[in-house]
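Structure, as structure tokens:
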Amino acid sequence: MSTTIDYYELLECERTADAGTIKSSYRKLAMKYHPDKNAGCKDSEAKFKAVSEAYDCLKDPQKRAAYDRFGHAAFQNGGGGAGPQDFGGFSDIFESVFGEFMGGRQQGGRAQQRRGADLRYDMEITLEEAYHGKQSDITVDISVACDTCHGSGAKPGTHAHQCKTCAGHGKVRAQQGFFVVERACPACHGSGEVIDTPCSDCRGEGRVEQTKTLNVNVPPGVDEGTRVRLSGEGEAGARGAPPGDLYIFLHVKRHNLFEREGTTLFARAPISFTTASLGGTMSIPGLDGRAHEIRIPAGIQSGKQLRQRGAGMPVLQGRGHGDLVIQIDVETPTKLSTRQRELLELFRETETGDECPQSQGFFSRLKNAFAGE
Ligand SMILES: [Zn+2]
Ligand SMILES: [Zn+2]
């Protein structure tokens, strides 16, 4: 059945040909070499078979990818009876060759990687909690080592014995085409051991589902996306293998006053135009629970930033704090009393333009622009 002629060559296609091109080329050739049209011609019959075989492979994107990579070796499955017994075709090669790269552990069942799975737990905290740190109890449903058999999976008083099929390696090897294929031992499912009398509490798994309460220590200074690892608190490994880890993914809720960038805290503070003109102080309630007095210099403009050193977020697992940055927004009054309006009218009469050098400069530039100079 096996041929050594390149499938693309047989189908008279480029290696880059798309599915449609391959299909129409196959149809043309199949018609040409069809036994009905070439009765008794051995050559045509062979060619027809070869073309069909080539098309069977290349029409399937997965098979085509395997062929592109490994050539005919990908399909020499037990040729002449000398190869492995029943390997279920190329999908096993695929798994064996790529399995390790494509998500390794999650594919499960491979002997040396029987450590339990890592788990993820998402936790939402406030910015205040991120500032101060937090101790928190969480409950998670995870599989833990079975108490009855201490994770062995064997009924207490009995023991697992070494698997005879794989001599305890958990893996068997077989020659498949050019490859030596290694796969989980079918007798012991990769564990290397066979249990005669399984533990009745865990049915031989060595682990049971349990609701567990864990104490999580969130250190001060954590940020959105910070992960806290609880070593060994993930899934139990099968039959006494070490457990995985539990990762707490932290999410920090939006704060109604502060925004954060690293250790710097930002806040926008609207101030009245009189405070902006005359100067003053304002009090900002910090995340540390203290009120921060911030001095506003006379004549401050909108957009100006005032920096309070050390009033920002703590440095995660370090010393000190970032800064608090206050961005000033000067607010124009919109509800004036009659008295206030009179005072402002009076004020305007005294204006010379020198009070506001920026607008003064702007208007004189406008005048020059229209004067043509
Ligand atoms: Zn058990
Ligand atoms: Zn085995």
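Every number here is computed from the coordinates shown, using simple stated rules; none is lab data. Please read these numbers as outputs of a predicted model, since none were measured by experiment. Please note: Cβ atoms are built from the backbone with ideal geometry, for glycine as well, and neighbour counts cover all protein chains shown.
Brief remarks on what is shown
- Given charges at Cβ of Lys, Arg, Asp, Glu: the range 27-68 dipole, positive-most of 35, 62, 50: 35
- The chain, relative contact order [Cα under 8 Å, separation at least 6], %: 14
- Highest-fluctuation residue, 128, 355, 182 considered, GNM on the chain with Cα pairs under 10 Å: 355
- With an a/c value of 1.5 or above and a/b not larger than b/c for the gyration tensor axes a ≥ b ≥ c computed over the alpha-carbon atoms, the chain is described as oblate.
- Exposed-loop-free span, longest in the chain, where trypsin sites (Lys or Arg not before Pro) count as exposed if DSSP calls them loop and at most 15 other C-beta atoms lie within 10 Å: 60-163
- The GNM of the chain, with springs linking C-alpha atoms under 10 angstrom apart, assigns the highest mean-square fluctuation among 169, 34, 150 to 34.
- Each residue in 266, 258 was given a count of other beta-carbon atoms within 10 angstrom of its own, and listing them fewest first yields 266, 258.
- Value of [θ]222 nm, deg cm²/dmol, for the chain, DSSP H segments ≥ 4, -39500 (n - 2.57) each, nearest 500: -7500 deg cm²/dmol
- Cβ-placed point charges (K, R +1; D, E -1), dipole of the chain about Cα centre in debye, nearest 20: 620
- Considering all different alpha carbon pairs of the range 313-373, the Kirkwood hydrodynamic radius works out to 16.6 Å.
- Hydrodynamic radius of the range 157-285 per Kirkwood, over alpha carbon pairs, in Å: 21.1
- Think of the range 244-352 as having a plus end and a minus end, set by charges on the Cβ of Lys, Arg, Asp and Glu; of 333, 347, 264, 264 sits farthest toward the positive end of this dipole.
- In the chain, the DSSP beta bridges split such that about 70 percent are antiparallel, to the nearest 5.
- Summed side-chain charge close to residue 230 - residues other than residue 230 whose Cβ falls under 13 Å, Lys, Arg +1, Asp, Glu -1: -1
- Axis of helix 61-70 versus longest Cα principal axis of the chain: the two differ by about 80°, to the nearest ten degrees.
- Using 0.36 nm per residue and subtracting the Cα-Cα separation, the extra length available between residue 302 and residue 282 on full extension is 5.7 nm.
- Build a GNM of the chain with springs between Cα atoms under 10 Å apart, and of 220, 35, 186 the one that fluctuates most is 35.
- Isolated Cys in the chain, by beta carbon distance under 4.7 Å: 13, 41, 57, 356
- Calculated FRET efficiency, residue 150 to residue 256, Cβ-Cβ distance, R0 = 51 Å: about 0.50 to the nearest 0.05.
- Here each label is just a point 7 Å from Cα along the line to Cβ, and for residue 137 and residue 174 those points are 5.3 nm apart.
- Restraint check, 304/367; 23/49; 23/63, Cα-Cα greater than 20 Å: 304/367
- Calculated FRET efficiency, residue 266 to residue 369, Cβ-Cβ distance, R0 = 41 Å: about 0.65 to the nearest 0.05.
- The length gained on full extension between residue 331 and residue 34, counted as 0.36 nm times the residue separation minus their Cα-Cα distance, comes to 98.1 nm.
- At full extension, residue 344 and residue 224 could sit 38.4 nm farther apart than now, given 0.36 nm per residue minus the alpha carbon distance.
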